[in-house]
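Enquirer: The structure is given below, and queries will be raised subsequently.
The values are calculated or read from the model by the stated rules, or taken from the named source; none is laboratory data. This is a predicted model, so every value here is computed, not measured. Here Cβ is always computed from backbone atoms with ideal geometry, including for glycine, and neighbour counts include all displayed protein chains.
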Amino acid sequence: MAFYKTKVKILIFILSICISSLSAQDKEVVISIDKLSKDVYMLTGQGGNIGIYIGQKNVFMIDDQFDRLSDKIKAAIESLTNKPIAFLFNTHMHGDHTGGNANFNTDLTTLVAHDNVRKRVMAGQQKKLDNKKITVEYYNKMLPEVTFSEDITFYDKDETIMAFHVHNAHTDGDAMVYFVNNDIIHMGDTYFAGRYPYIDLNSGGSLQGFIDAHKKALMVISEETKIIPGHGRPSTKKELENYVAMLEGVKSNIVAAIEAGKSLEEVKSDKSISAAYDSTHGNGYIKPEAMRETFYKSLKSK
Ligand SMILES: [Zn+2]
């Protein structure tokens, strides 16, 4: 049994690399709720942070964590409102943000995401279908039903919900969602508050795109805006600015190492490159060495 549990954990690890550190333990997952404004809430459980906007008649939901948590997430939403979920928006394709898609995809709910999210969810689910792990019905319900290439806007009486794509950041299908009147932005996994980021180079992510995504968010938001990160606690603009400074600081050190002809192995083992930030950002899921490796590979491949 213990061995089986270990295998399951490894599988989860592979399926979803940006899973929170909580998964390392066999804890009962509790969905906690942060009220961030009049209409917007953040739900935390296991995996990516969920955003909930309660509108005039309907709910707008951002991301849905894992398939096995859907009942708990539904119960948490029902504790806030009995309005139906009109839209479920996926910030990107990773399994800890889209894993519950099929469970939330009813006649009342429309799944929305960037074009590349649909493509990558299709590819991932096709493998499961081929291996008979899921049914055709489940496969179809996992897929975003409305997709966009650059941006899409939703209107709900006084609220305007702007979703916009950022290019080759955490993946090649990231989008941020900004609730204009509530003044809250959900950045998906283009922001890992208080920890080094995971940048999925194999799914079209890049360090420069990741930094550019932060700069785009900084142009949109104000000092008062509350930021929902993909992982970590809600943040302010000031905290996001400090995070960008960290990214730029590590980047310039690695650029200097590359220009000095340093190899990947040398950069991985050179703790001085990120020493200024390791105590504040190196204790999350992505450790300093893994971060240096990803940054190096991304900068080197340009
Ligand atoms: Zn992710």
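Enquirer: What are the residue pairs meeting all of these: first residue in the stretch 212-223, first residue touching a residue at least 24 places away in the same chain (Cβ under 8 Å), second residue part of a helix (DSSP H, G or I), Cβ atoms under 6 Å, and 6 or more apart or on different chains?
Expert: Taking only residues 6 or more apart or on different chains, the pairs are 213/190; 214/244; 221/237.
Condition check ((1) within 21 Å of the chain's Cα centre (by Cα); (2) of a type outside the set (A, V, I, L, M); (3) over 19 Å from residue 177 (Cα atoms)) across all residues:
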{"position": "30", "(1), (2), (3)": "yes, no, yes"}
{"position": "41", "(1), (2), (3)": "yes, yes, no"}
{"position": "45", "(1), (2), (3)": "yes, yes, yes"}
{"position": "49", "(1), (2), (3)": "yes, yes, no"}
{"position": "53", "(1), (2), (3)": "yes, yes, no"}
{"position": "56", "(1), (2), (3)": "no, yes, no"}
{"position": "60", "(1), (2), (3)": "yes, yes, no"}
{"position": "81", "(1), (2), (3)": "no, yes, yes"}
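Enquirer: Suppose the filter is within 16 Å of the ligand (Cβ to nearest atom) and either free of Cβ contacts under 8 Å to residues at least 60 places away in the same chain or closer than 19 Å to residue 228 by Cβ (or both); does residue 112 pass it?
Expert: no
Enquirer: Any chance the stretch 151-164 includes a residue that's loosely packed, with under 15 Cβ neighbours inside 10 Å, within 18 Å of the chain's Cα centre (by Cα) and either touching a residue at least 60 places away in the same chain (Cβ under 8 Å) or not in a helix (DSSP H, G or I) (or both)?
Expert: So far as the stretch 151-164 goes, yes, one or more of its residues are loosely packed, with under 15 Cβ neighbours inside 10 Å, within 18 Å of the chain's Cα centre (by Cα) and either touching a residue at least 60 places away in the same chain (Cβ under 8 Å) or not in a helix (DSSP H, G or I) (or both).
Enquirer: Condition first: modelled with pLDDT of 95 or more, surrounded by fewer than 17 Cβ atoms within 10 Å (Cβ to Cβ) and of a type in the set (Lys, Arg). Now tell me which residues in the stretch 278-302 satisfy that.
Expert: If the condition is that a residue be modelled with pLDDT of 95 or more, surrounded by fewer than 17 Cβ atoms within 10 Å (Cβ to Cβ) and of a type in the set (Lys, Arg), then 287, 297 are the ones that fit.
Enquirer: Separate question: Only one of 216, 262, 268, 237 is within 18 Å of residue 49 (Cβ to Cβ) and either surrounded by 13 or more Cβ atoms within 10 Å (Cβ to Cβ) or modelled with pLDDT of 95 or more (or both). Can you tell me which?
Expert: Exactly one residue qualifies, and that residue is 237.
Enquirer: Okay, moving on. Would the stretch 242-249 turn up any residue that is part of a helix (DSSP H, G or I), out of contact with any Ser or Thr (no Cβ under 8 Å at 6 or more places or on another chain) and farther than 30 Å from residue 41 by Cα?
Expert: yes
Enquirer: Still on this structure: Here are 105, 101: which of them is closer than 24 Å to residue 166 by Cα, crowded, with 21+ Cβ neighbours inside 10 Å and free of Cβ contacts under 8 Å to residues at least 60 places away in the same chain?
Expert: 101
Enquirer: For the stretch 167-197, how many residues meet the condition of being small (Gly, Ala, Ser) and either outside any loop (DSSP other than H, G, I, E, B) or more than 12 Å from the ligand (Cβ to nearest atom) (or both)?
Expert: 4
Enquirer: Continuing with the same structure: What's the number of the only condition in (1) within 16 Å of the ligand (Cβ to nearest atom); (2) outside any helix (DSSP H, G or I); (3) in contact with a helix residue (DSSP H, G or I) (Cβ under 7 Å, 6 or more places away or on another chain) that residue 227 fails to meet?
Expert: Answer for residue 227: the failing condition is (1).
Enquirer: For the stretch 76-109, enumerate the residues that are assigned to a strand (DSSP E or B) and within 20 Å of residue 229 (Cβ to Cβ).
Expert: 88, 89
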